[in-house]
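Okay, so here's the structure we're looking at.
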Amino acid sequence: MPARPAHLWPRAKTYVRQAPGTYIWLAALFVTTVALHHMTPAFETTFLRRRSTNLHELSQNPVRVLVASAFWIDGSSWWPYAALYTLFHAPAEHRLGTPRWLAVVAASHILATLISEGALLWAIHHGHAPTSAVNTLDVGVSYALAGVAAVLTYLIPSPWRYAYLAAVLTVYGLPLLTGTGRTFTDLGHATAVLIGLCCRPLTRATAPVPLTPCRKPPPPQ
């Protein structure tokens, strides 16, 4: 028998409470997204470029922009991120615990950014990209999301994990392999997936569980 709405609310609160990092981050993204919607287009572009992990800003303020870029979503709608964080970040934080989940997030965001921007620098030096690309606008949370989506592979029971992994590799790998207009962000997403898959040691103290927000997850080990 389906759970009544009154019974779903306590489960939803438990689901959110056991993923504090996910929902604090999501709340911060809500605030920054609202702030962007009150900016003029010209000011928004300038504002975001100062927080972008492009080559120019990385050469000037690497730590500041690596942190700041993870709290802005380029003026996009916030609601899709609320759904994606609930489907991917929250289950990962439930099972890994906040410190290990945060380690996957940080590794995916930072390393994928540095690798993709390094590839862009190589492309500029070899004439495959314009010099103006050093100021490319690059903010957002998609690399961290890709890494966490990948590490969830190890937390899904067999045989479902193989279908899930195939879906992740298709979503993030296909644009890089077949896209005629592929960009350094496509490389960043694919790299973040590989980084997430390399985080398997962080999952060894956990047990695979189905990914569903309607089931109360066990506490992290």
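What ranking, highest mean first, results for peptides 183-190, 108-115 when packing means the other Cβ atoms within 10 Å averaged over each residue?
Peptide ranking by packing, descending: 108-115, 183-190.
Would you mind telling me the share, in percent, of accessible area of region 72-203 contributed by carbon and sulfur at probe 1.4 angstrom?
72
For the chain, what is the accessible area per residue in Å² when the probe is 1.4 Å?
For the chain, the solvent-accessible area averages 53 Å² per residue.
Measure nothing fancy, just the Cα-based angle from helix 20-37's long axis to the longest principal axis of the chain, in degrees from 0 to 90, nearest 10.
On a 0 to 90 degree scale, this one is about 40.
Residue 162: accessible area at probe 1.4 Å, nearest 10 Å²?
Using a 1.4 Å probe on the heavy atoms, I get roughly 140 Å².
Roughly speaking, what is the centre-to-centre gap between region 88-114 and region 132-194 when only Cα atoms are used, to the nearest Å?
First find each Cα centre; the distance between them is then 14 Å.
Rounded to the nearest 500, what is the 222 nm mean residue ellipticity of the chain from helices alone, with -39500 (n - 2.57) per DSSP H run of 4+ residues and division by all residues?
Calculated at 222 nm, the ellipticity per residue is -19500 deg cm²/dmol.
Starting at the first residue of region 39-49, write each ³J(HN,Hα) from the Karplus equation 6.51 cos²θ - 1.76 cosθ + 1.60 with θ = phi - 60°, in whole Hz, x for Gly and Pro.
9, 6, x, 5, 5, 4, 4, 5, 4, 5, 4
If I compute Cα extents along the principal axes in Å from the structure I just sent, which labelled value in [x] 60, 39, 29; [y] 51, 38, 30; [z] 46, 37, 37 lines up?
[x]
In nanometres, what is the gap between the two model label sites at residue 46 and residue 79, each 7 Å from Cα along Cα-to-Cβ?
Distance between label points: 3.3 nm.
Along the charge dipole of region 1-140, which of 19, 73, 108 sits closest to the positive end, that is, farthest toward it, with unit charges on the beta carbon of Lys, Arg, Asp and Glu (+1, +1, -1, -1)?
It is 19, whose Cα lies furthest towards the positive end.
Starting from the Cα-Cα distance between residue 163 and residue 28, subtract it from 0.36 nm times their residue separation and give me the gain in nm to one decimal.
Additional length available on full extension: 45.3 nm.
So what J values fall out for region 141-150 if you push phi through Karplus, 6.51 cos²θ - 1.76 cosθ + 1.60 with θ = phi - 60°, rounded to Hz, Gly and Pro as x?
Using θ = phi - 60°, the values come out as 10, 5, 5, 5, 5, 5, x, 5, 4, 5 Hz.
What's the extension gain from residue 9 to residue 64 if we count 0.36 nm per residue and subtract their Cα-Cα distance?
16.0 nm is the gain from fully extending residue 9 to residue 64.
Give me the one-decimal nm value for the distance between modelled label points at residue 106 and residue 132, 7 Å along each residue's Cα-to-Cβ direction.
Calculated label separation equals 3.7 nm.
For the pair residue 35 and residue 125, how long in nm is the line joining their label points, each one 7 Å along Cα→Cβ?
Those two pseudo-labels are separated by 3.5 nm.
The values are calculated or read from the model by the stated rules, or taken from the named source; none is laboratory data. Since we're looking at a predicted model, the values are computed, not measured. All Cβ positions, glycine included, derive from the backbone under ideal geometry; neighbour counts span all protein chains shown. Heads up: the accessible areas ignore ligands, DNA and RNA and are worked out on the full protein's heavy atoms, side chains in. Shrake-Rupley method; radii C 1.70, N 1.55, O 1.52, S 1.80 Å.
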